[in-house]
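So the structure is just underneath, and the comments pick up after that.
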Amino acid sequence: MTRLKTQPFERNVALTRLGLGTGGRFVAHSLANVFRNEADRETADRDFYRARAQALADSLGQLKGSVMKAGQMLSLYGQYFLPPEAVEILAGLQDDTPPVAWTVVQPVLERALGRKRLAELEVDERPLAAASLGQAHRARRKRDGLELVVKIQYPGVADAIESDIRSLSRLVGLSRLAPKGLDLDPIFMEVREMLHREVDYEAEAHFTRTFGERLADRPQFVVPQVIDAYSTDRVLTTTFESGVSVRHADVQGLPQARRNALGSWFLELFLEEFLDWGMVQTDPHFGNYRIRPSPDGDRIVLLDFGATRVFGRGFIDAYSDIMRGALARDRARIHEGSRAIGLMSEHFPTPVMDAFARLCEQIVEPFDDPDAGTVPPELLTADGAYRWGQSDLLMRVGRIASRNALSMYFRVPPREIVFLHRRLAGVFIMLSTLGCELRSRETVLKAVG
């Protein structure tokens, strides 16, 4: 890609054109539904929502920048109010997008560092990775050969956030994907705040240093070092840290004990981030976690701290109550913690509150007492370890939620929940991908206190 549509007018025209087309198609679709029977109407609705969501995703993917990232974030909230077909497609807006040409990002790098400072580096013009807000390039410091990664923000991205959010908000309304009457303003306010956070490279550098300091005495974790001399508010330069994907054959082929150790570290890190630090890297994209297998000790490389969120102690304590209640099958405690964070109301019907409690109890299945009889026998090893690789837990949790019509009451949860559960789901998927067999109940009980 040799050119980005960075001007608000260009981007608004592209999104408005899509919205107007969607509005006309919705009218035609609604008229046609008048003449369809119920079964045909349901099929037509699914096809319509899938097509509209795909058109939206295609347009956002072409525009890149904050509007594409906003589409990704919208999919997180959308699971609570958008049609499943739309959520599935929007969730496919991944960060591993096609890169832009060097001629697009090179001027950003030169303005940020200055020609003299930039001349100290040998930068590979081929991107190492590309995302919606920027892309990364390998580099080498000439005087000592230090291997680096230079993350460059796409031009105009930060300046386009406000305009992009307004345009996307209008577009979602025109697309008829959201329920009529649902107030989307709080959702887009949160998306706006998160976008501003992710283009703040100075804040990302701060969180990178903080994670590095807190994990300095843990040899199993590797955090890149920020190189201040080559970092600004639009460019972030760190040391290059080698590693492979968790799906790589070198990781998948590790002995069970080593994969179990990696999974335990992932789980323990999440618990420590949330419960102890109150500071969670909330983007579980596999590209943000690399594995460095070694007979001398496997290591996990942690990358990209732009999505780090800070949680208040009140929220953490209330959420801990939910966890403790679920682990102890104490529904009164689950209800109390849920009300404390605004997830439930005392006016909810008893069946809904009980259904939510069952959902929480299901989620903690991997941490149940293996002798309690609550875990399907096929998911336990002979010594009571949970078989993450054979579990369909996330699918079962989803069925419980839909079967009990919880979405009628839990329209849009507190914003902290959305991003916390994003990371929690990522931990579960990571342990499943590693095929871990773990007994983690005591670890979780100790963490929640």
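The values are calculated or read from the model by the stated rules, or taken from the named source; none is laboratory data. Only a predicted model underlies this, so the values are computations on that prediction, with no experimental measurement involved. Here the Cβ is made from the backbone with ideal geometry for all residues, glycine too, and neighbour counts use every protein chain on show.
Observations on the model:
- Test: residue in region 394-410 that is modelled with pLDDT of 90 or more and under 25 Å from Q256 (Cα atoms): no
- Given (1) assigned to a helix (DSSP H, G or I); (2) modelled with pLDDT of 90 or more; (3) in contact with a helix residue (DSSP H, G or I) (Cβ under 6 Å, 6 or more places away or on another chain); (4) more than 19 Å from A447 (Cα to Cα), number of the condition G306 does not satisfy: (1)
- Residue among L118, L168 that is among the aliphatic types (A, V, I, L, M) and surrounded by 19 or more Cβ atoms within 10 Å (Cβ to Cβ): L168
- The residue that is modelled with the highest pLDDT, counting only those in region 168-216 that are more than 21 Å from K151 (Cα to Cα) and β-branched (V, I, T), is V191.
- Inspection of region 415-432 identifies at least one residue that is among the basic types (K, R), within 20 Å of G342 (Cα to Cα) and at pLDDT below 90.
- Residue check, V172 of a type in the set (V, I, T), within 25 Å of L420 (Cβ to Cβ) and part of a helix (DSSP H, G or I): yes
- R117, sole failed condition from (1) over 28 Å from V87 (Cβ atoms); (2) part of a strand (DSSP E or B): (2)
- The single condition among (1) modelled with pLDDT of 95 or more; (2) more than 22 Å from G449 (Cβ to Cβ); (3) small (G, A, S) that S264 does not meet is (2).
- Taken together, the residues in region 417-449 that are within 27 Å of H248 (Cα to Cα), outside any helix (DSSP H, G or I) and not basic (K, R) amount to 5.
- Residues that are acidic (D, E) and farther than 20 Å from R358 by Cα within region 372-396 comprise E378, D383, listed in sequence order.
- Scope region 325-351; condition surrounded by fewer than 18 Cβ atoms within 10 Å (Cβ to Cβ), in a helix (DSSP H, G or I) and not acidic (D, E); matching residues: A328, R331, A332, R339, A340, T350, P351
- Selection within region 361-401: residues that are among the polar types (S, T, N, Q) and either crowded, with 18+ Cβ neighbours inside 10 Å or touching a residue at least 24 places away in the same chain (Cβ under 8 Å) (or both). The member of this set that is nearest to G325 (Cα to Cα) is Q362.
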